[in-house]
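Engineer: I have a structure here, written as structure tokens, and I will follow up with some questions on it.
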Amino acid sequence: MEKGLLIIISGPSGVGKGTIRNFFMNDEALKLAYSISMTTRSPRIGEVDGRDYIFTTKENFEQAIENGELLEWAEFVGNYYGTPLSLVEDLRNQGKNVLLEIEVQGAMQVKEKCPDALSIFIIPPNMEELEKRIRGRRSEPEEIVQQRLAKAAGEMKMVKDYKYVVCNDDPQLAADMISLIIKRHMQNADIYQES
Ligand code: 5GP
């Protein structure tokens with residue numbers, strides 16, 4: 001069976017990656033599977049362990065790093081985030097196109113290890129809108145909001161390291177653009193497979 005694509009979606013925290021994903025994730029033609037990350041951050045209201053993240057302790061996370069169980073990992077605003085390697089490989093071997101929703105340091109590690117990975121960066125229409133969205137979550141203290149905003153400014157500079165850039169002015173439109181990019185790459189993979 002043909003191995004599935006590895007798709008990286010990055011963009012500053014609060015840009016709306018999850019919202020966009022909900023618009024295209026269930027499109028069967030895309031054959032997608034979402035890679036559930038491990039994190040040491042506490043769950044937000046409504047987040048479910050094993051669905052949104054695998055919530056874990058710092059000790060367990062550090063053990064996973066040491067055991068080489070992560071495809072990539074990063075520290076982000078005081079917490080660890082990482083992608084379990086075995087799950088990604090299993091899904092890709094089943095022909096699924098695996099979606100990683102990760103920040104920029106992790107994305108660069110994946111690009112290094114898997115140069116064929118398809119990388120997409122989502123930008124906000126402007127930084128004021130991003131701030132509004134981060135604050136709109138109302139789930140974090142001001143200090144963390146400030147750290148996320150400062151981080152976002154640095155992350156925006158990484159846009160040049162991605163193959164595609166999509167602006168999230170309208171989530172449905174952004175989702176349609178991402179679907180199109182994925183479909184195009186699936187066709188290309190078929191062409192390479194046949195030749
Ligand atoms: P949040 O705390 O807002 O859920 O996530 C913070 C940032 O970490 C977001 O940019 C999110 O995309 C990113 N992130 C989530 N999972 C992973 C992961 O497994 N690895 C890396 N490097 N970043 C992640």
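Engineer: What do you reckon, is Glu47 surrounded by fewer than 16 Cβ atoms within 10 Å (Cβ to Cβ), under 24 Å from Ile122 (Cα atoms) and within 12 Å of the ligand (Cβ to nearest atom)?
Structural biologist: yes
Engineer: I'm told Glu72 meets every condition in (1) at pLDDT 95 or above; (2) more than 12 Å from the ligand (Cβ to nearest atom) except one. Can you identify the failing condition by its number?
Structural biologist: The number of the failed condition is (2).
Engineer: Restricting the search to segment 104-120, which residues are in contact with a helix residue (DSSP H, G or I) (Cβ under 7 Å, 6 or more places away or on another chain) and within 11 Å of the ligand (Cβ to nearest atom)?
Structural biologist: Val104, Met108
Engineer: A further question follows. Could you tell me whether Leu87 is among the hydrophobic types (A, V, I, L, M, F, W, C) and over 14 Å from the mean Cα position of the chain (by Cα)?
Structural biologist: Yes: the conditions hold for Leu87.
Engineer: Something else now. Residue under question is Phe76, and the condition is that it be surrounded by 16 or more Cβ atoms within 10 Å (Cβ to Cβ) and closer than 19 Å to Val110 by Cα; does it hold?
Structural biologist: Judged against the criteria, Phe76 is a match.
Engineer: Now for a separate question. Could you please find all residues in segment 54-64 being free of Cβ contacts under 8 Å to residues at least 24 places away in the same chain and either within 18 Å of the chain's Cα centre (by Cα) or more than 12 Å from the ligand (Cβ to nearest atom) (or both)?
Structural biologist: Passing the criteria: Phe55, Thr57, Lys58, Glu59, Asn60, Glu62, Gln63.
Engineer: Going through segment 163-191 one residue at a time, which ones are closer than 21 Å to Asn22 by Cβ, under 16 Å from the mean Cα position of the chain (by Cα) and in a loop (DSSP other than H, G, I, E, B)?
Structural biologist: Listed by number, the list holds a single entry, Asn168.
Engineer: Another question about this same structure. Considering only segment 24-135, give the strands (runs of 3 or more DSSP E) lying wholly within it that have at least 1 residues that are charged (D, E, K, R).
Structural biologist: In segment 24-135, 70-76, 97-101 are the strands (runs of 3 or more DSSP E) which contain 1 or more residues that are charged (D, E, K, R).
The rows are residues; the columns are (1) away from the ligand (no atom under 14 Å from the Cβ); (2) surrounded by fewer than 19 Cβ atoms within 10 Å (Cβ to Cβ).
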{"position": "Tyr81", "(1), (2)": "no, no"}
{"position": "Glu89", "(1), (2)": "yes, yes"}
{"position": "Asn93", "(1), (2)": "yes, yes"}
{"position": "Ser139", "(1), (2)": "no, yes"}
{"position": "Leu149", "(1), (2)": "no, yes"}
{"position": "Tyr164", "(1), (2)": "yes, yes"}
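Engineer: For segment 134-143, check the following and say yes or no: at least one residue is of a type in the set (Gly, Ala, Ser) and touching a Lys or Arg at 6+ places or on another chain (Cβ under 6 Å).
Structural biologist: Checked segment 134-143: at least one residue is of a type in the set (Gly, Ala, Ser) and touching a Lys or Arg at 6+ places or on another chain (Cβ under 6 Å).
Engineer: Residues of segment 8-33 being within 13 Å of the ligand (Cβ to nearest atom) and buried (at least 16 other Cβ atoms within 10 Å of the Cβ), which ones?
Structural biologist: Ile8, Ile9, Ser10, Gly11, Pro12, Ser13, Gly14, Val15, Gly16, Lys17, Ile20, Arg21
The values are calculated or read from the model by the stated rules, or taken from the named source; none is laboratory data. What you are looking at is a predicted structure, and each value in this text was computed from that prediction instead of being measured. Glycine also receives a Cβ, built like all others from the backbone with ideal geometry; neighbour counts cover every protein chain displayed.
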